[in-house]
1. Which value in nm describes the separation of the simple spin-label points at Glu89 and Ser168, placed 7 Å from the Cα toward the beta carbon?
2. Take the Cβ-Cβ distance between Thr214 and Ala111 as r, set R0 to 35 Å, and report the resulting FRET efficiency rounded to the nearest 0.05.
3. Can you give the extra length, in nm with one decimal, that the chain gains between Arg183 and Arg200 once fully stretched, where that is 0.36 nm per residue apart less the Cα-Cα distance?
4. Using the basic label-point model (7 angstrom from Cα toward the beta carbon), what is the Val221 to Thr118 distance in nanometres?
5. Give, in nm to one decimal, the length gained when the segment between Arg75 and Ala103 is fully stretched (0.36 nm per residue of separation minus the Cα-Cα distance).
6. Treat each spin label as a single point 7 Å out from the Cα along the C-beta direction, and report the Arg228 to Ser240 distance in nm.
Amino acid sequence: MAGTVFDHPGVGGLEGSAAQSHAAHLEQTLLQARTLIESMVSLHRRRPAAASGVMRTDAAVTAETLERLVLRARRSVSVTLTGSVVFAEAVLRSLEQVPNGVAVRVLCTPAAIDVARTRLHRLPAVRVFRHELCGLVVVDGTLAFLRSAPGGEESSRAAIVTDTTAVSALELLYASAWSRGRRFLGHTELSPRLRTDLTRRILERLRDGHTDATAARELQVSLRTYRRHVAEIMRELDASSRFQAGVRAVELGLLPEERQSAV
């Protein structure tokens, strides 16, 4: 869940401090989301369904369960789509049954794009979020379907949450993650230049806080050439600073997510 810290000599301390504060807030929000989701899924083991507002459902009937829930939607359906092929297929099939006039939002991980790219293109509101979360479907802000698969598809667990407080909390966390997601169109139409090995190596050096001179020497290019590449990368990522370019590179899957100390 940790984010990547990018720094570079010459980047203003105020900007870096604000960005790190934003990253810390996001990280805390995601930790709360994971904790809440996992606790909701496990509640059925400790309390009767009627008392807890959590009903266990067999993951094998996920598709049928989702279709029933989605057909009840009158205002909104909010989805978190993971890299699970089974879950993605069940969710996308159920969304085909959404009644007219219901707003649908899909927040997906890069792994989900890999398994459902074509079908995601057909949906009107899709955003990409780098952090892995459990599968989630919230209907009208009144009930939720949760899927957790700690050991893979075969060991997946699922639950329907009807407790009003729990569903409201999930919806608020979803809204927070949605606001930080990037448009799916921007993710899928990255310039080929951003997908080259040289770009990846430059981004790695920005991430690790290398000076321009050191990075240029390691890449065996002139300092002028290196800085030109950095400027082009920032322009392609629509970033106003090297820190922002690094954060967006992680969000778009151009770099793995990890925290490293600046050199």
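No value in this document is a laboratory result; all are computed from the given coordinates. Since the model is a prediction, treat every value here as computed from it, not as a measurement. Cβ placement follows ideal geometry from the backbone for every residue including glycine, while neighbour counts extend to all protein chains displayed.
1. Calculated label separation equals 3.9 nm.
2. It comes out at approximately 0.55.
3. Here the segment from Arg183 to Arg200 would lengthen by 4.0 nm.
4. With each label placed 7 Å out from Cα toward Cβ, I get 3.6 nm.
5. 9.5 nm
6. Taking the two extended label points, one gets 2.8 nm.
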